[in-house]
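Below you'll find the structure, written out as structure tokens, and then a few comments.
The values are calculated or read from the model by the stated rules, or taken from the named source; none is laboratory data. Predicted model, so just to flag it, every value in this text is computed and none were measured. No Cβ is skipped: glycine too gets one built from the backbone with ideal geometry, and neighbour counts run over all protein chains shown. Just the protein is used for accessible areas: all its heavy atoms, side chains included, with ligands, DNA and RNA removed. Shrake-Rupley method; radii C 1.70, N 1.55, O 1.52, S 1.80 Å.
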Amino acid sequence: MKKPLIGITAAYTFDRDVHAQRSTYLRAVWRAGADAIFFPCAPDTSGCEAFISAVDGLLVPGGPDVSPQMYGEQPIPQAPTTRKSEDLFEIALIKEAKKQGKPILGICRGMQILNVAFGGSLYQDIPSQFGMQICHSQGQTIRDEGTHLVKMDEGCRLAKIFNSTEFYVNSYHHQAVKALAESEFKIVGRALDGIPEAIENADGSIMAVQWHPECMPQEKMFQDLFTDFVKRCSKE
Ligand SMILES: [Mn+2]
């Protein structure tokens, strides 16, 4: 059987002038039995069709804040760092993957920009716009330990993959889904303060989580997310 190929968006690191992505995403995809290539965000979106045609699935990873212009808001002072050109490119990739029927897995920013791509909006900053009952920005140095609980809906696709409806996740986000893109998604998992932590669409071709399962490979249930994704990408 042909090894599936997963496209992963590469982010631009301004201070080093490098397009790159964290190796944890690569390792999670490799462990699941697929190969991976990076998609650098180009200044225009004309290459997206060829990019998506070349792969079996799209992984939309973590990264900087999504520009509030993408959902019709002005930036608040707590969310200063955005790159509109990358947002536009990633949204075009997402729409092309959906058009071509290629599975999409979103992680952290990936979940947020998927929601925005289909018409939803975000909390630009959870502490100032939603509240501070639960810490969603744990220290960056320890990435393989969960710090807050997520409760999943019984019977949703992601709960079936995880074989669990309540578990601890790592958490590195100060933005979150506000208005859900209801035409595409259901919220299927939340933190105990109500912040959305997992979304999926009706046919299961798009799933996304707000935490970083790729950083917790010691938890089999989180690697199972990538195994399931790669398996769905293999079906042709
Ligand atoms: Mn969280």
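Descriptive notes on the structure:
- On the stretch given as segment 174-199, residues that are within 15 Å of the ligand (Cβ to nearest atom) and touching a strand residue (DSSP E or B) at 6+ places or on another chain (Cβ under 7 Å) total 16.
- A single member of PHE89, PHE51 is under 30 Å from GLY33 (Cβ atoms) and over 18 Å from the mean Cα position of the chain (by Cα), and it is PHE51.
- Unique match (being within 20 Å of GLN21 (Cα to Cα) and either free of Cβ contacts under 8 Å to residues at least 40 places away in the same chain or not in a helix (DSSP H, G or I) (or both)) among GLY101, GLY110, GLY63: GLY63
- The listed residue being open to solvent by less than 60 Å² (accessible area, probe 1.4 Å), in contact with a Lys or Arg (Cβ under 8 Å, 6 or more places away or on another chain), β-branched (Val, Ile, Thr) and more than 21 Å from THR81 (Cβ to Cβ), out of ILE52, ILE6: ILE52
- Looking across segment 205-219 at every residue that is within 15 Å of GLU166 (Cα to Cα) and of a type outside the set (A, V, I, L, M, F, W, C), the one that is farthest from the ligand (Cβ to nearest atom) is identified as GLU219.
- Scanning segment 113-131 for residues that are surrounded by fewer than 19 Cβ atoms within 10 Å (Cβ to Cβ) and part of a helix (DSSP H, G or I) yields PRO127, SER128, GLN129.
- Of all residues in segment 147-157, those satisfying the criterion of being assigned to a loop (DSSP other than H, G, I, E, B), surrounded by 14 or more Cβ atoms within 10 Å (Cβ to Cβ) and more than 10 Å from the ligand (Cβ to nearest atom) are ASP153, CYS156.
- Here segment 132-145 is the region considered, the condition is being in a loop (DSSP other than H, G, I, E, B) and near the ligand (Cβ under 10 Å from one of its atoms), and the residue that is surrounded by the most Cβ atoms within 10 Å (Cβ to Cβ) is HIS136.
- Evaluation of LYS160 against the conditions (1) free of Cβ contacts under 8 Å to residues at least 60 places away in the same chain; (2) out of contact with any strand residue (DSSP E or B) (no Cβ under 8 Å at 6 or more places or on another chain); (3) open to solvent by less than 30 Å² (accessible area, probe 1.4 Å) shows that the sole unmet condition is (3).
- The one condition in (1) farther than 26 Å from PRO75 by Cα; (2) away from the ligand (no atom under 16 Å from the Cβ); (3) among the hydrophobic types (A, V, I, L, M, F, W, C); (4) crowded, with 18+ Cβ neighbours inside 10 Å that ALA202 fails to fulfil: (4)
- Among (1) open to solvent by 10 Å² or more (accessible area, probe 1.4 Å); (2) more than 16 Å from the ligand (Cβ to nearest atom); (3) aromatic (Phe, Trp, Tyr), the one test that TYR168 misses: (2)
- Condition check for ASP193: outside any strand (DSSP E or B), of a type outside the set (Lys, Arg), surrounded by fewer than 24 Cβ atoms within 10 Å (Cβ to Cβ) and without any contact (Cβ under 8 Å) to a residue 40 or more places away in the chain: no
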